[in-house]
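Notes follow once the structure below has been shown.
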Amino acid sequence: MNPASPELTSRERQVLVLTAHGLERKEIHLALRIAEGTVKTHSKRMRDKLNARNSADAVRQGYVRRILGPCGPQCEGCRYWATESRRLHGT
Ligand SMILES: [Zn+2]
């Protein structure tokens, strides 16, 4: 495994992307339609692989290791907040 970019599973990567967008566990569970306990497991494995102390450190490591980058049009985190924004503001 390349220490600069540890292999994350696609789920672990999704959890990292959503964490980088400020989503909490219960929101990630709704966004990905997986159980909260499963989110917890993916999140812990992801943090362990990145040697991250906490979620903020995981996001930092994600950018430093280039697992995270600028959002594209298909970004799940941006889409989550676009939907939430419409719901909260009614537009
Ligand atoms: Zn985004």
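Residues considered: Leu16, Leu8. Of these, the only one that is in contact with a Ser or Thr (Cβ under 9 Å, 6 or more places away or on another chain) and either at negative phi or not basic (Lys, Arg) (or both) is Leu16. Only residues that are touching a residue at least 40 places away in the same chain (Cβ under 8 Å) and near the ligand (Cβ under 9 Å from one of its atoms) were counted in segment 63-91, giving 6. Take the residues in segment 10-35 that are farther than 19 Å from Gln74 by Cα and loosely packed, with under 13 Cβ neighbours inside 10 Å; name whichever of them is nearest to the ligand (Cβ to nearest atom). For segment 10-35, the residue satisfying everything is Glu24. Given the structure, is Glu7 in contact with a helix residue (DSSP H, G or I) (Cβ under 6 Å, 6 or more places away or on another chain) and loosely packed, with under 13 Cβ neighbours inside 10 Å? In short, no.
Scanning segment 36-63 for residues that are surrounded by fewer than 12 Cβ atoms within 10 Å (Cβ to Cβ) and closer than 17 Å to Glu7 by Cβ yields one hit, Asn51.
Where a number appears in this text, it was derived from the coordinates with a stated rule and is not lab data. None of these values were measured; they are calculated from a predicted model. Glycine also receives a Cβ, built like all others from the backbone with ideal geometry; neighbour counts cover every protein chain displayed.
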